[in-house]
Amino acid sequence: MEMQESMMGRGREAIDMIVDPESFQENTVGAQSFDDPEFGPGAVVGTATLDGKTTTIIASDGNAFNEKFPVVYAGIIGMEEGYKMAQAVYASIAADAEKPLEEKRALVLIVDTPGNGPGKVEEIFGMNKATAAYQLALAEARLKGHAIIAMVIGRAISGAFLCHGLQADSIVSLDANYGTMIHVMPLTSVSRIIKKPLEVLEEISKDNAVFAAGPRFFYSLGGVGLIVDHVDGMRPAIIDRVAEVQKAKAEGKQDTLGPWGRGALGAERGGRVERPKVMALMNEEFAAVAGQYAPAR
């Protein structure tokens, strides 16, 4: 595989590669302005046009540093960043609240993050609430008809990817030759938690999508809908995915999108072969006892 120049830390450049030329207006989404440069500097939010259509852009800035929270740097999503991103989503929902489904703006998430800010101060003040607020905002936007596309250009790791990416209708990723990395946590951390030697996990990760870190493994799990093999392909891929998502929602096929759709896609691709069996068993066991807890009326 021929390695390409990495896009890590280049979230702002990626925005310009994707949206219509010179259309990105940073710090303005609908009626809301983000005027405080010291609030969540690691989060880039704004409005652009994509193929002539109004679109909200949310990205992580790998070159920003939040002086109030020393652990927030290099694309890490901190507490302020989580709330800022959530506010951008709710501003998008409010701006299009009265518009028909086909006119609701898409949200494009540029993903390049090594994780959440795990500092003691953030934990005390509610880091979990900030990331949950962002996840909830994206879930609400998705269910209200906004097409949400996540574009992985670098790292998509841990809880940061959980809030900034995994609530999208569809996830697109640059191929591994750009250094993209998608996984729950480093194998060194997994080793400490499950008490397995690192060497054993490294061997397993060569062909097990659960432990491997590359986008093609995540593709087999259904997590990535499409892999793009060149940066020039990001823009057309996102435009196509927006159209596909909007069409599916217009036809009432929301279950083929988002987290639920990715599970079914993983089963189709052979990466989640046990999932349908486990779901069927759980439904069968629940149906057998449901009357005890929720009597039919």
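Things worth noting here:
- Region 110-127, residues that are over 27 Å from M181 (Cβ atoms) and buried (at least 18 other Cβ atoms within 10 Å of the Cβ): none
- Residues within region 74-109 that are surrounded by 23 or more Cβ atoms within 10 Å (Cβ to Cβ) and in a loop (DSSP other than H, G, I, E, B), tallied: 4
- Pair list, Cβ under 9 Å, 6 or more apart: region 55-77 residue within 23 Å of A150 (Cα to Cα), other residue assigned to a loop (DSSP other than H, G, I, E, B) and among the basic types (K, R): T55/R105; T56/R105; G62/R10; N63/R10
- Total residues in region 244-275, condition surrounded by 14 or more Cβ atoms within 10 Å (Cβ to Cβ) and either in contact with a Lys or Arg (Cβ under 6 Å, 6 or more places away or on another chain) or outside any loop (DSSP other than H, G, I, E, B) (or both): 17
- Single condition V224 does not satisfy, out of (1) out of contact with any strand residue (DSSP E or B) (no Cβ under 8 Å at 6 or more places or on another chain); (2) in a loop (DSSP other than H, G, I, E, B); (3) under 30 Å from E13 (Cα atoms): (1)
- Any hit, region 53-62, residues being open to solvent by 20 Å² or more (accessible area, probe 1.4 Å), closer than 17 Å to R235 by Cβ, modelled with pLDDT of 95 or more and not β-branched (V, I, T): yes
- Filter result (free of Cβ contacts under 8 Å to residues at least 60 places away in the same chain and either in a strand (DSSP E or B) or touching a helix residue (DSSP H, G or I) at 6+ places or on another chain (Cβ under 6 Å) (or both)) within region 112-124: T113, G115, N116, E122
- Residue check for G222: surrounded by 14 or more Cβ atoms within 10 Å (Cβ to Cβ), in contact with a helix residue (DSSP H, G or I) (Cβ under 6 Å, 6 or more places away or on another chain) and at positive phi: yes
- Scanning region 171-196 for residues that are over 28 Å from D255 (Cβ atoms), open to solvent by 70 Å² or more (accessible area, probe 1.4 Å) and in a loop (DSSP other than H, G, I, E, B) yields a count of 2.
- From the list A139, A160, A130, the one residue that fits, being surrounded by fewer than 22 Cβ atoms within 10 Å (Cβ to Cβ), assigned to a helix (DSSP H, G or I) and among the aliphatic types (A, V, I, L, M), is A139.
The values are calculated or read from the model by the stated rules, or taken from the named source; none is laboratory data. This structure is a prediction, so every number in the text was calculated from the model and none was measured. Cβ: placed from backbone, ideal geometry, glycine included. Neighbour counts: every protein chain shown. Ligands, DNA and RNA are excluded from the accessible area calculation, which covers all protein heavy atoms including side chains. Shrake-Rupley method; radii C 1.70, N 1.55, O 1.52, S 1.80 Å.
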